[in-house]
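The block underneath contains the structure these notes are about, expressed in structure tokens.
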Amino acid sequence: MELQGKKEVTHKKLAHVQVYEALYKMVEDGTFPVGSRLPAEPKLAKMLGVSRMTLRQALDLLHDDGKLRKVRGAGNFVADGNKIVSSSLEKLTHPMAGCMGEEFDRTTFELKIEPSNDYEKELLNLDTPVIVAIHIWYWKGTELTGYTFGVMSPHTVTKYQLDLNKKEEVVRFAQTEIYEKAERSQLRIHPNSAGTSILTEYMKEGEQMTMVQEKIYDEELQPILCNKHYMLTDKAVFEINTHK
């Protein structure tokens with residue numbers, strides 16, 4: 001499998017990401033408590049001073065994170081995170097390889113150090129000012145079939161003596177070696193995810209993404225890497241073996 005790097009590019013935070021972070025804080029600080037209904041989209045967009053399209057992109061991210069649930073005809077409600085059940089992998093392995101192994105033949109990647117937000121601090125269970133953001137694109141020929149966004153803390157970089165100047169080695173660690181060193185992982189599967197704006201330009205009309213949210217833990221049960229894996233729903237295959 002071919003692994004290719006991309007040039008590092010610095011971007012300002014997109015408008016919908018800023019709205020997402022603002023709403024995330026409102027959920028966390030109780031402005032919108034668990035079980036409450038958010039204001040109707042036109043009213044909420046006006047409150048935040050953004051377009052409805054920008055608001056919907058932000059709401060999609062909150063749905064993917066499990067912070068909101070949508071009730072048809074009633075609106076968006078704050079979800080109870082304690083009711084979300086995560087299941088351990090039968091065998092520690094990269095979900096993209098397990099679910100889409102034959103649906104990609106090469107990857108490209110981008111690795112950046114970015115300021116952390118509240119959601120990323122909560123994911124990593126660590127009050128860190130920065131995170132290592134890992135973007136991986138999965139290709140079948142010229143067709144994009146999947147994308148992974150990973151969040152790694154400086155603690156992980158230090159613990160496993162990773163050299164951030166050797167980006168290909170860091171990405172290889174995140175894709176393979178980490179599963180040999182990890183104690184366990186947790187998954188949440190979101191069928192028909194709204195996807196992410198990074199994929200929009202590549203998706204064909206009518207295509208849907210399934211998002212697999214993954215948290216990988218070390219022997220002290222400290223999160224060492226958190227991933228969001230997006231894969232085309234019609235190409236993803238999930239096989240789970242259970243035992244009595």
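Observations on the model:
- Meets criteria (modelled with pLDDT under 90 and not assigned by TED's automatic domain parsing to the domain that holds GLU28) for LYS112: no
- Residue ID - surrounded by the most Cβ atoms within 10 Å (Cβ to Cβ), chosen from residues in the stretch 200-217 that are touching a residue at least 60 places away in the same chain (Cβ under 8 Å) and charged (D, E, K, R): GLU214
- Test for GLY141: is it in the same structural domain as ILE113 (by TED's automatic domain parsing), small (Gly, Ala, Ser) and more than 18 Å from the chain's Cα centre (by Cα): yes
The rows are residues; the columns are (1) loosely packed, with under 13 Cβ neighbours inside 10 Å; (2) under 16 Å from TYR24 (Cα atoms); (3) at pLDDT below 80; (4) in contact with a Gly (Cβ under 7 Å, 6 or more places away or on another chain).
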| site | (1), (2), (3), (4) |
| --- | --- |
| LYS67 | no, yes, no, no |
| ASN76 | no, yes, no, no |
| LEU89 | no, no, yes, no |
| ARG106 | no, no, no, no |
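Quick grid of which residues meet (1) closer than 20 Å to GLU214 by Cα; (2) modelled with pLDDT under 90; (3) of a type outside the set (A, V, I, L, M); (4) crowded, with 16+ Cβ neighbours inside 10 Å:
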site: THR93; (1), (2), (3), (4): yes, yes, yes, no
site: GLY101; (1), (2), (3), (4): yes, yes, yes, no
site: LYS121; (1), (2), (3), (4): yes, no, yes, yes
site: GLY146; (1), (2), (3), (4): yes, yes, yes, yes
site: GLN161; (1), (2), (3), (4): no, no, yes, no
site: GLU168; (1), (2), (3), (4): no, no, yes, no
site: VAL171; (1), (2), (3), (4): yes, no, no, yes
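- Number of positions in the stretch 186-244 that are within 21 Å of ILE131 (Cβ to Cβ) and either of a type in the set (Phe, Trp, Tyr) or modelled with pLDDT of 75 or more (or both): 22
- Residues in the stretch 14-67 that are among the hydroxyl-bearing types (Ser, Thr, Tyr), closer than 18 Å to ASP118 by Cα and in contact with a helix residue (DSSP H, G or I) (Cβ under 7 Å, 6 or more places away or on another chain): TYR20, TYR24.
- For the stretch 155-178, the set of residues classified as closer than 18 Å to PRO223 by Cβ, without any contact (Cβ under 8 Å) to a residue 12 or more places away in the chain and not in a helix (DSSP H, G or I) consists of LEU162 only.
The values are calculated or read from the model by the stated rules, or taken from the named source; none is laboratory data. Computed from a predicted structure; not experimentally measured. Neighbour counts are summed over all protein chains in view; Cβ atoms, including those assigned to glycine, are modelled from backbone coordinates with ideal geometry.
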